[in-house]
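*Asks:* One structure coming up, written as structure tokens, with questions to follow.
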Amino acid sequence: MKQLLLPVLLLSSVSLSLAQKPTGRTRVAAPTTAAAAPQAPTTVAAARMAGPGATVTVRGIITNGPELGQLRFVQDQEAGLAVFSTTSAALQALVPGDSVLLTGTLKDYKGLLEMDPVAQVVKLAAGRRVTALEVAAADLSAAFVEANEGRLLRIKGLSRLTTTGGTAATKLAGNANYLLDGQPETPIRINVASTGEQGVVDQTPPPGSFDLIGSLSQFTQSGTGGYQLLPRTFADFVVAGGLPVIAGEPLPTNIYRNGFTVLFQTVNPGTAKVEYGRSSQLGQVVTLKELATSHRVELEDLEPNTTYYVRVSATNAVGTSSSPPVPILTDNKKRPNR
């Protein structure tokens, strides 16, 4: 991390506390203050240039939530910055998409420039778009640099995730490093706090090609190198560009004289739509509004012993995927018991 010292604004009301970094490291937190002097906000890039010891106010968008523990990253259109606190409830309440004003003092922690202590947190809005800097897998090493520290990156077209020993990664462990396409200079770090159904811990990386989204952090004893990507949730492992691609043909089940149930799967979550009719022109539609990867749609009031053509599709923020119409035949049986 390059350092350029500017005049420092001294803070008062000093207290010390133990802080836990998202990688499980323990260290003594920097002094905290009860209040901060009003400051005009600067860009994140300008704040980074001020260097350790400077008190700054930045305006930006939060890119992660509690899945990285007590660490948050804030970014604007040009740069990103780590923000850390064990005592600020306002900071810990922030989630991706929150627009904020943050005031605090910069410090160097193992190469990572971070705002710590945090003197003031002002939430301006919620639900703002979080934009990742897109990088091709072929240019991966060029992205792990100081200029991108603190930014959300999307590495596109990765083919595998390995352990540091070079074997294929299977069940991902918290507080462990893995290598993107087996390259030792571009590791990712799985945070122990990213657990549960949406978390990364205990998940298996997707087979085949995928993109990976994460915040670029740094941990080094020498002051140079040591960059590592921090994925937030398992949704950061993006297959098929995020499209809700239809996995195989729709499967009919519970077939009876006046209907049947259509089952289909999608690679990524999406809303479901089933179009059907007695010809390939279709004409009738049933939709489900909930995002899901497993879809179940019941079609009713059909004619017995009749062939119906069925086309399924799914939509999310990335786009729509659909399958060609397939024929499904009703029969003369009564409706099965549910």
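The values are calculated or read from the model by the stated rules, or taken from the named source; none is laboratory data. Note that the coordinates shown come from a computational prediction; the quantities given were computed from them, not determined experimentally. Virtual Cβ from ideal backbone geometry, glycine too; neighbours counted across all protein chains shown. Note: accessible area is taken over every heavy atom of the protein model, side chains too, but ligands, DNA and RNA are not part of it. Shrake-Rupley method; radii C 1.70, N 1.55, O 1.52, S 1.80 Å.
*Asks:* Restricted to region 289-325, and to residues that are more than 13 Å from residue 262 (Cα to Cα) and of a type in the set (Asp, Glu), which residue is nearest to the chain's Cα centre (by Cα)?
*Replies:* Checking each candidate, the answer is 290.
*Asks:* Just checking, which of 111, 104 is under 30 Å from residue 225 (Cβ atoms), of a type in the set (Gly, Ala, Ser) and in contact with a Gly (Cβ under 6 Å, 6 or more places away or on another chain)?
*Replies:* When all the criteria are applied, what remains is 111.
*Asks:* Looking only at region 137-165, which residues are open to solvent by less than 50 Å² (accessible area, probe 1.4 Å) and either among the acidic types (Asp, Glu) or free of Cβ contacts under 8 Å to residues at least 40 places away in the same chain (or both)?
*Replies:* 146, 149, 162, 163
*Asks:* I'd like the full set of residues that are open to solvent by 60 Å² or more (accessible area, probe 1.4 Å) and not basic (Lys, Arg), limited to region 243-276.
*Replies:* 249, 251, 254, 265, 267, 269
*Asks:* Taking into account only those residues within region 39-62 that are in a strand (DSSP E or B) and of a type outside the set (Lys, Arg), which is farthest from residue 91 (Cα to Cα)?
*Replies:* It comes out as 42.
*Asks:* Moving on to the next point. Go through region 185-259 and tell me which strands (runs of 3 or more DSSP E), entirely inside it, have 2 or more residues that are more than 30 Å from residue 298 (Cβ to Cβ) and either β-branched (Val, Ile, Thr) or touching a residue at least 12 places away in the same chain (Cβ under 8 Å) (or both).
*Replies:* Ranges flagged: 187-190, 210-218, 227-230.
*Asks:* Another question, if that's okay. Search region 277-322 for residues being polar (S, T, N, Q), open to solvent by 70 Å² or more (accessible area, probe 1.4 Å) and in contact with a Ser or Thr (Cβ under 9 Å, 6 or more places away or on another chain), and hand back the single one that is farthest from residue 336 (Cα to Cα).
*Replies:* The qualifying residue farthest from residue 336 (Cα to Cα) is 320.
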